[in-house]
1. In the range 102-114, which residue that is of a type outside the set (S, T, N, Q) and within 13 Å of the ligand (Cβ to nearest atom) is nearest to SER71 (Cα to Cα)?
2. When you go through (1) part of a loop (DSSP other than H, G, I, E, B); (2) more than 16 Å from the ligand (Cβ to nearest atom) one by one for HIS221, which number turns out not to apply?
3. Going through the range 269-318 one residue at a time, which ones are within 12 Å of the ligand (Cβ to nearest atom) and assigned to a loop (DSSP other than H, G, I, E, B)?
4. Return the residues of the range 200-255 that are of a type in the set (Lys, Arg) and surrounded by fewer than 20 Cβ atoms within 10 Å (Cβ to Cβ); say none if nothing qualifies.
5. In the range 249-265, what count of residues is obtained for those that are assigned to a strand (DSSP E or B) and in contact with a Gly (Cβ under 9 Å, 6 or more places away or on another chain)?
6. In the range 215-244, how many are hydroxyl-bearing (Ser, Thr, Tyr) and touching a Lys or Arg at 6+ places or on another chain (Cβ under 8 Å)?
7. Considering the range 268-307 alone, what residues qualify as being of a type in the set (Lys, Arg) and modelled with pLDDT under 95?
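The values are calculated or read from the model by the stated rules, or taken from the named source; none is laboratory data. Because the structure is a prediction, the values reported are computed rather than measured. Every residue, glycine as well, gets a Cβ built from its backbone with ideal geometry; the counts of neighbours run over all protein chains shown.
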Amino acid sequence: MEKESTKTDIKSLSLGELQQQMEQIGEKAFRAKQIYQWMHEKLAEDFDAMSNLSKALREKLKAQYTYTCLSKEDVQISQIDGTRKYLFGLADGAVIESVLMRYEHGNSVCISSQVGCRMGCRFCASTLDGLERNLLPSEMLEQIYQIQKDIGERISNVVVMGSGEPMDNYDNLLQFIRILSSEQGLNISQRSITVSTCGIVPRMRQFADEGLQVTLALSLHAPNDAVRKTLMPVANAYPLAAVLDACRYYFEKTGRRVTFEYSLVQGVNDNLEEAAALSKLLQHMHGHVNLIPVNPIKERDFVQSDRRAVMNFKNYLEKNGIHVTIRREMGRDIDGACGQLRRRYLQKKG
Ligand code: SAH
């Protein structure tokens, strides 16, 4: 068997790194730019599609590098709003899911950052079987590339809100963002990229120092540590005060407003006392709140807050000067919370 593991994953290299590699294998530096554009702008399927490279060079590349591509295993299309849920297969047989949401202002893709997750949030399906592995930068990029090719339209927004904790795969996340927003790549503006985290404080602070312009979303889900700990094990490691300090730091360093995600669970975090505590907590944070009625998963007995509770919660926050939106439910007919499509697929197969 060929020793794939010794080959470099070419689609995960920055343009600078690719230039160095070309020099090392005795090629002119300008080849790097051509290859990079083939991969990240023209979304070539393989080395053979790179028609301005000689056959000899293409063979050399095949011998030295792996060319990561995802295979489309399944796609579910909503009849209501055109939302698409994709199931992609990776080279090692693992599967991940990604979602396309179509808005008037453009196409938004929600990508996974890991296969599975080890954060253990109680309401989330992605974490039920723990972490399988991190995704490579190329595997994060490919989710967007495959979807853009599938629909034949440009993707304008990317949210790293699928399965996985992006801050738990930090270096690959950063490389992914740099390639995605690079001029010779899809050139998606960093302001159109959102990274969502459960609140890993040291990484959030590091992220603030990277000189990026991406939006940070924090999965808050509770106005105090006691309730938060019942929903999110990570709250035991990082108290809310430290998490919010890191959000403040992110805003100071980047000028970007932080989004606070708050999934409403009936009887757990959705009464008006909690709304009051939340408005107090976020008073000077310059952020905005995104309310999400929790999407129940069958492995847990959490119940979605009813419409009235959601509206009351929202109105309370607004009256207290907090900017708040309710997450539009997309693709209700192909529903299933984060990670559910993958779970169903694996259970059917296994
Ligand atoms: N690990 C990252 C990103 C992935 S989850 C994070 O924690 O932010 C994206 C968002 O969906 C998070 O706010 C997460 O808490 C939320 N989420 C996960 N499962 C959910 C469910 N069943 N119902 C509602 N929100 C959910």
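1. Of everything passing the filter in the range 102-114, ILE111 is nearest to SER71 (Cα to Cα).
2. (2)
3. Hits for the range 269-318 are ASN269, VAL294, ASN295, PRO296, ILE297, LYS298, GLU299, ARG300, PHE302, VAL303, SER305.
4. Result: ARG203, ARG205, LYS229, ARG248, LYS253.
5. The initial filter retains those residues of the range 249-265 that are assigned to a strand (DSSP E or B), namely 259-265.
Those still in the list that are in contact with a Gly (Cβ under 9 Å, 6 or more places away or on another chain) too: 259-260.
Count: 2.
6. As a first pass, look at the range 215-244 and keep what is hydroxyl-bearing (Ser, Thr, Tyr): 215, 219, 230, 238.
Now restrict to residues that are touching a Lys or Arg at 6+ places or on another chain (Cβ under 8 Å): 215, 230.
Total satisfying the criteria: 2.
7. Result: LYS298, ARG300, ARG307.
One line per residue, one yes/no per condition, for (1) modelled with pLDDT of 95 or more; (2) surrounded by fewer than 20 Cβ atoms within 10 Å (Cβ to Cβ); (3) of a type in the set (A, V, I, L, M):
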| position | (1), (2), (3) |
| --- | --- |
| ILE77 | no, yes, yes |
| GLY93 | yes, yes, no |
| GLU104 | no, yes, no |
| CYS110 | yes, no, no |
| ARG118 | yes, yes, no |
| SER126 | no, no, no |
| LEU131 | yes, yes, yes |
| LEU136 | yes, no, yes |
